[in-house]
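Here the structure is laid out as structure tokens; the discussion comes afterwards.
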Amino acid sequence: MRKKELSPEELLKIIFDYTSKIASERQLNAVLVHMADMGRELILSDRCTVWLIDEENKQLYTTVAHGVDEIRIPYGTGFVGGSIVSGEAIIIEDAYSDPRHNSENDRKTGYRTKSVITVPFRNNDGQIIGAYQAINKLTEVDSFTPRDLELLSLAASYAGKSLESVMLHQEIYDTQREIIAKMGEVGEIRSKETANHVKRVAEYSYILAIALGLPPAEAELLRTASPMHDIGKVAISDAILNKPGRLTPEEYDAIKSHTDIGYRLLQGSKRELLRAAAVVAEQHHEKWDGSGYPAGRKGEEIHIFGRITAVADVFDALSAERVYKKPWPMDRIESFFREERGRHFDPAVVDAFFAHLPQIKAIRERLADVEEKTE
């Protein structure tokens, strides 16, 4: 069914709705989705794609395109490549009459491209960082018009500058995440653990968080923060950390202090990521029945991040070979978690652990230590 052109009031509503959504969003993919939806609704196209530039690989790519998965093409090719290289918008009435059109994609998908409009967008410095591309006009006049060009150019002007801000935020977040992961690895290597321990705990924690109904953003926050759970071990002596025999009470107290040390290292930050890491570092050895450390918190007094990380960390510790023990067989591990449900561990987290044990085992295999893989 063909659509009618939008009234000025309808256009304003779309613009205000989407600019508000984009302005309040900090996740790159979500911003790209809003951009694509805004472009499609503004000019009544069947599909809208947001293309970005991959400078390193000399490609154009999209992770957000209505009706298709990620696409990558060589830089400078196709309608979108020509538009980005020239810096000019283009309108095509019949794609098949233009040699730049790659009909192979239509053949693969069964979709037929007819009309196309492409508009580059720029960052705050005026550099082109990507382009909008809309396909197949849905009105009685089934090709794009100069009015469509004005509307999509308006969207591109706003969205390009907003996108740069989000990409910068994402870069900062990714840098924080990388630093946290590396610092977590430092803590484990000092106690003769492998870097894969913190990676496995992060992945287990994410699965458990999702299973318990945490929002995806919180689950991702936990996955990113959890590698710092043992960062306080950097202040514990090697002689204690790597002692093969039984620890004395004094040595055990020194080991337990890593929770307080980790918390003090991280808790002063204004960054949500580091504050979450501080919680995990301090509380992952607390126990559901109140017998844990450092503060003897009980039940839901323990932050959910601490309760989840406790299960993830203990499972990985039991299933891996360490300086003081051999790995436990899986049936013994499962019996242990059943016994400690409601004592050491939050019952709900243990239930999620068993419900998703096949996924957790798959991660254990995929991220197995090098020594285990070569045996």
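Farthest towards the positive end of the charge dipole of the chain, among the residues Ser20, Thr224, His101, is the Cα of Thr224, using unit charges on the Cβ of Lys, Arg, Asp and Glu. Placing a label point 7 Å from the Cα of Arg2 along the Cα-to-Cβ direction, the residues of the stretch 89-109 whose backbone N falls under 19 Å from that point are 92-95. Overall, the stretch 1-136 carries a charge dipole of about 280 debye about its Cα centre when +1 sits on the Cβ of Lys and Arg and -1 on the Cβ of Asp and Glu, all other atoms neutral.
GNM remark for the chain: springs join alpha carbons under 10 Å apart, and the peak mean-square fluctuation among Ala239, Ala281, Ala202 falls on Ala239. Annotation: per residue accessible area for the stretch 1-127 equals 56 Å², rounded to a whole number [probe 1.4 Å, protein chains only]. Within the accessible surface of the stretch 231-375, defined with a 1.4 Å probe on protein heavy atoms only, the carbon and sulfur portion equals 51 percent.
Going through the cross-link list Lys287/Lys326; Lys21/Lys58; Lys270/Lys298; Lys243/Lys270, which pairs have a Cα-Cα distance over 29 Å in this structure? Going by Cα-Cα distance, Lys21/Lys58; Lys243/Lys270 fall outside the 29 Å limit.
Around the Cα centre of the chain, unit charges on the Cβ atoms of Lys, Arg, Asp and Glu (plus for the first two, minus for the last two) sum to a dipole of about 440 debye. Over all other residues within a Cβ to Cβ distance under 13 Å of Ile210, the charged ones net out to -2, with Lys and Arg as +1 and Asp and Glu as -1. With respect to the cross-link table entries Lys13/Lys161; Lys4/Lys114; Lys3/Lys161, which display a Cα-Cα separation exceeding 26 Å? Where the Cα-Cα span goes over 26 Å, the pairs concerned are Lys3/Lys161.
Could you look at the stretch 77-143 and say what percent of its accessible area is carbon and sulfur, using a 1.4 Å probe and all protein chains? Ligands and nucleic acids excluded, carbon and sulfur give 45 percent. Could you tell me which label, among (i) 24.0; (ii) 21.3; (iii) 22.9, carries the value of Kirkwood radius over Cα pairs in Å calculated for this structure? Checked against the structure: label (i).
Once the Cα atoms are used to define both axes, helix 28-43 deviates from the longest principal axis of the chain by about 20 degrees.
The values are calculated or read from the model by the stated rules, or taken from the named source; none is laboratory data. Everything numeric in this text was worked out from a predicted model, so none of it was measured. FYI the Cβ positions are ideal-geometry reconstructions off the backbone, even for glycines, and counts take in every protein chain you see. The protein model used for the area step is the full one, side chains on, heavy atoms only, and it has no ligands, DNA or RNA in it. Shrake-Rupley method; radii C 1.70, N 1.55, O 1.52, S 1.80 Å.
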